[in-house]
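Chemist: One structure follows; several queries about it will come next.
What follows draws every value from the coordinates through simple rules; no lab data is involved. Just so it is clear, the model here is predicted, and its values are computed rather than measured. Neighbour counts are summed over all protein chains in view; Cβ atoms, including those assigned to glycine, are modelled from backbone coordinates with ideal geometry.
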Amino acid sequence: MLKHDPIEDTPEFQAIKDELEEKIIAKIGDNSGMGYCYLYWSTKREILKKDYGIDWKSPAIMNPRVRFD
């Protein structure tokens, strides 16, 4: 099972989840091509830090031995 950042389980994160997703898609579009997850995660991390002051760790950071595409 993959690890995820526990911050995602907090009520604060859950409250902004839908808005966050809209901001990510508005910035980078909705794509599912090879390597898109890295763009998605870096954009998510950037928006969470800038707009909400949240330091979030991507699945790649949380699971260093797993290869994502």
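Chemist: Can you pull out the GluC sites (Glu not before Pro) in the chain whose DSSP state is coil and whose Cβ has at most 11 other Cβ atoms within 10 Å?
Modeler: Sites meeting the loop and neighbour criteria: none at all.
Chemist: Let me spell out the model: positive unit charges on the Cβ of Lys and Arg, negative unit charges on the Cβ of Asp and Glu, origin at the Cα centre of the chain. What dipole size does that give, in debye rounded to 20?
Modeler: 400
Chemist: From the phi of every residue in region 21-28, what ³J(HN,Hα) in whole Hz does the Karplus formula 6.51 cos²θ - 1.76 cosθ + 1.60 yield, where θ is phi - 60° and glycine or proline is x?
Modeler: Along region 21-28, the couplings run 4, 4, 5, 5, 5, 4, 7, 10 Hz.
Chemist: Can you compute the helix-only [θ] at 222 nm over the chain? Use -39500 (n - 2.57) per DSSP H run of at least 4 residues, normalise by all residues, nearest 500 deg cm²/dmol.
Modeler: Rounded to the nearest 500, it is -18000 deg cm²/dmol.
Chemist: Computed from the coordinates I sent, Rg and Dmax of the Cα atoms in Å equals one of (1) 14.9, 53; (2) 26.4, 80; (3) 12.1, 32. Tell me the label.
Modeler: Matching the structure shown: (3).
Chemist: Report the extension gain between ILE25 and THR43 in nm, rounded to one decimal, defined as 0.36 nm multiplied by the number of residues separating them, less their alpha carbon distance.
Modeler: Between ILE25 and THR43, full extension yields an extra 5.5 nm.
Chemist: Given Cα pairs under 8 Å that are at least 6 residues apart, what percent is the relative contact order of the chain?
Modeler: 42
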